Amino acid sequence: MLSINKVIPHGRGLAKVLLRRAATVELDWDVRQKSRFDATDSTGRALAVILPRGSVVRGGDVLVAGDGSLVVVKAAPQPVMVVRACAEHGSPFDLLRAAYHLGNRHVALELQPDRLLLERDHVLAGMLKHMHLLVSDEQLPFEPEAGAYGEHTKGHDHGHAHGHDHQGHEHQGHEHHGDEDEHGHDHHGHDHPHKH
């Protein structure tokens, strides 16, 4: 098993010819937000990835193995909900409002100019449809927005889109999915990171 303990964000500083020759590994978002995981690259090599605690790996990042070999990370297609404004009765502002409400629930969210992507959740789908938005289930690579300070410089991050300030309190790394968060509760006074 090949040991990996270093990641180069987006392969910065590496020659393109090296990246073209490198093996690749496809990982979904659930795996890429973990600092320790096993995977198999495109050449069939078993990888044991052990990165600094709180690391988040993005599509395009390059893993560096103990033997110096490189593995380019690709964001694997996964089940996501795609949210779009209704062309007939809606406006781009509807998406902005949806991003605010999803951010207020600490939902990992990918922002596109004309759509939002998030992990499947029937409760959130119902809320978004109630806001007159179009919601479809698709299979796409998922790259949620990074936190305001960036995940490569901060100790931990789950890629939240923050549309709120919680009265000046900084959010400390929570992420919630499903029915238990529909009532929109907040978490103040926490100073310890959570890994879900």
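The values are calculated or read from the model by the stated rules, or taken from the named source; none is laboratory data. Everything numeric here is computed off the predicted structure, so don't read it as measured data. Because the Cβ atoms are built from the backbone with ideal geometry, glycine has one as well, and the counts that use them run over all protein chains shown. Just the protein is used for accessible areas: all its heavy atoms, side chains included, with ligands, DNA and RNA removed. Shrake-Rupley method; radii C 1.70, N 1.55, O 1.52, S 1.80 Å.
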If contacts are Cα pairs under 8 angstrom and at least 6 residues apart, what is the relative contact order of region 4-63 in percent? 49 percent
With the charge dipole of region 1-67 built from beta-carbon charges (+1 for Lys and Arg, -1 for Asp and Glu) about the Cα centre, the Cα from Val31, Asn5, Leu18 projecting farthest to the positive end belongs to Leu18
I need the shape label for region 16-95. Rule: rounded when a/c is under 1.5, else prolate if a/b > b/c, else oblate, with a, b, c from the alpha carbon gyration tensor. prolate
Heavy-atom accessible area with a 1.4 angstrom probe orders Glu110, Glu119, Glu88, Glu145, most exposed first, as Glu88, Glu145, Glu119, Glu110
By accessible area of protein heavy atoms, probe 1.4 Å, what ranking do Met1, Met81 get, highest first? Met1, Met81
Given the whole protein assembly as supplied and a 1.4 Å probe, what does the accessible area of Lys129 come to in Å², nearest 10? 120 Å²
